[in-house]
Amino acid sequence: MKVAELLVKCLEHEGVEYVFGVPGEENIDLMDAFRDSPIEFIVTRHEAGAAFMAGIYGRLTGKPGVCLATLGPGATNLLTGVANANMDLNPIIAITGQAGLYRQHKISHQYYDLVSVYDPVTKWSVQVKTPEIVPEVVRKAFQVATEPKSGAAHIDVPEDIANAEVEGSPLSLTSHAHVEANNEVVSEAAARIGRAKHPLILAGNGVTRANAAEAFRSFVKKTNIPVVHSFMGKGALSWKDELSLLTAGIGGNDYITCGFTEADLIIAVGFDMVEYAPESWNPDAKVPIMHIDTREAETDAHYPVALHVIGDIERNLQKLDQAFSPVDRDNEWVKGVRDKAFAELEAYENNDHFPVKPQKIVSDLRSVLQEQDIVVSDVGAHKMWLARMYHTFEPNTCLISNGLASMGVAVPGAIAAKMVYPERSVVAVCGDGSFQMTSAELETAQRLNLPIVILLWRDEGYGLIEWHQMKKFQRSSYIKFGNPDFLQLAGSYGFETIAVKESEALKPALEKAIALKKPVLIDCPVDYSENMKLTEKLGDIIC
């Protein structure tokens, strides 16, 4: 068979359902091989969109999403989405077509050394230089992408290699070893927790990656310790739980971050430092950290680890649960923090100001969606409001990219989420800046008949950048732009469209959009004057 055919058979053997991508001249052998495969090739309208889809697929399933591009501009377009997945620790395999080996020694049409280009943004980047190594390369790529902590692997396939004849078959699948902390470490951890007067748990995305939510919740109940979530750790504990301190990370002295100032031990569970710098919540580096994760912590002056509990997160939490003797704790202050946070959200339920206040948009969205429904946030000012005020019941129901945090992730991400969970409602929350970066994928959603809802927060500018400018300089610069008629644009792709023209119309619009079971775009003007009001409010909070 051809190398391309063997590579596709190896992907089949790994359980790949979809490959997202854009065809090109140098990967036509692979494209032809997919014709005879049960793997469904999803043609996207831009390579970045393909990688965003693969990344969200990987995040939701735990299996690597696969994306494909041709050489040169196709591969460099793909790069952003691959880097985004890698920094968010989502498992992903990127496959690129490449110039033939015979012309790689010189300057050549569309040729770049893609192994070197991808090396900084992946866990492993390799070129297939001989036909026989394909099974090893594919098996290793999947192994590297899924081993803790998960991320990206890249396979570069020269066109002359793809067309070469080869004999071979996929390698047997292997599972990762489940390592757990020894009993002495667990006993010491339980003793430290027992001695702490004001411990605080910081829950990261690793809880979700490890499928450890049930063990985590049992551990929280047993230890009676309040929990703060990172943006990507949302849902580790239900927002209804009386020990949930909701989500921190927006910056400033929020109600929710007040717990850090009084803590004498911070228990970081599955916490990924990339999304919430320790300097922000442990500025004096005086609070000791208990690091419960699959790997030892990154070295950081503001993250003084007193004890590592390394290995399978679920199993180590279970062992800690069993080893810990309950103690009484005064958690009355937690109720005060929760009451303030919920009062702020509830205060905007009936707000009639137009353009619509961010708090009102979040309140209406939360009231309409069910516990298991999925919100995919793009990057912009709306992300900060969702992170702070969209409260979750379960993990992976509010997807926020907060590693690389690339704009444009929401529409492709919503497409992937709907493919993984067709029975759930899926809403992409976008700003008008981020939406236009991948809006061509509306055609992909329509072609695949995926009834996603796009909730567009329109303010005619880069709202998050303006927020930062106003905080630092008290004036903004170069953040405004023009917009198309979004209703006509989405309608031309076959989307149903709804224009929100008064604040009271938003909730009915969301209800209608979900009930239609069709692709829908809601155009909602937003009043971002609330950004600076929030900044002033955070500055006035005294813990």
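Things to note:
- Selection from region 81-134 of residues that are within 22 Å of the chain's Cα centre (by Cα) and of a type in the set (A, V, I, L, M, F, W, C): VAL82, ALA83, ALA85, MET87, LEU89, ILE92, ILE93, ALA94, ILE95, VAL121, TRP124
- Which numbered condition GLY251 fails, given (1) at pLDDT below 95; (2) part of a strand (DSSP E or B): (2)
Residues checked against (1) of a type in the set (Lys, Arg); (2) in a helix (DSSP H, G or I); (3) surrounded by fewer than 20 Cβ atoms within 10 Å (Cβ to Cβ):
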position: ILE256; (1), (2), (3): no, no, no
position: PHE271; (1), (2), (3): no, no, no
position: ASP284; (1), (2), (3): no, no, yes
position: LYS319; (1), (2), (3): yes, yes, no
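- Residue check for LYS340: outside the structural domain of SER244 (by TED's automatic domain parsing) and at pLDDT below 95: yes
- Filtered residues of region 366-389 (kept if basic (Lys, Arg) and touching a strand residue (DSSP E or B) at 6+ places or on another chain (Cβ under 7 Å)): LYS383, ARG388
- Test: residue in region 143-158 that is over 30 Å from the mean Cα position of the chain (by Cα), outside the structural domain of ASN316 (by TED's automatic domain parsing) and not β-branched (Val, Ile, Thr): yes
- Flag if ALA75 is buried (at least 24 other Cβ atoms within 10 Å of the Cβ), aliphatic (A, V, I, L, M) and closer than 15 Å to LYS149 by Cβ: no
- Pair list, Cβ under 6 Å, 6 or more apart: region 431-456 residue of a type in the set (D, E, K, R), other residue buried (at least 24 other Cβ atoms within 10 Å of the Cβ): GLU441/GLY49; GLU441/VAL411; GLU441/PRO412
- Of all the criteria given as (1) exposed (fewer than 15 other Cβ atoms within 10 Å of the Cβ); (2) in a helix (DSSP H, G or I), the one not satisfied by ASP330 is (2).
- Just one of the listed residues (SER367, SER363) is in contact with a Leu (Cβ under 7 Å, 6 or more places away or on another chain), assigned to a helix (DSSP H, G or I) and polar (S, T, N, Q), and it is SER363.
Residue by residue, here is whether (1) polar (S, T, N, Q); (2) surrounded by fewer than 24 Cβ atoms within 10 Å (Cβ to Cβ); (3) assigned by TED's automatic domain parsing to the domain that holds VAL22 holds:
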site: GLY403; (1), (2), (3): no, yes, no
site: ALA410; (1), (2), (3): no, no, no
site: ALA414; (1), (2), (3): no, no, no
site: ALA417; (1), (2), (3): no, no, no
site: VAL420; (1), (2), (3): no, yes, no
site: VAL427; (1), (2), (3): no, no, no
site: ALA440; (1), (2), (3): no, yes, no
site: GLN446; (1), (2), (3): yes, yes, no
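- Restricting region 176-194 to residues that are in contact (Cβ under 8 Å) with a residue 60 or more places away in the chain and of a type in the set (D, E, K, R), the residue that is nearest to GLU262 (Cα to Cα) is ARG192.
The values are calculated or read from the model by the stated rules, or taken from the named source; none is laboratory data. The shown structure was predicted, so the numbers you read here are calculated from the model rather than taken from an experiment. Ideal geometry is used to build each Cβ from the backbone, glycine not excepted, and the neighbour counts take in all protein chains shown.
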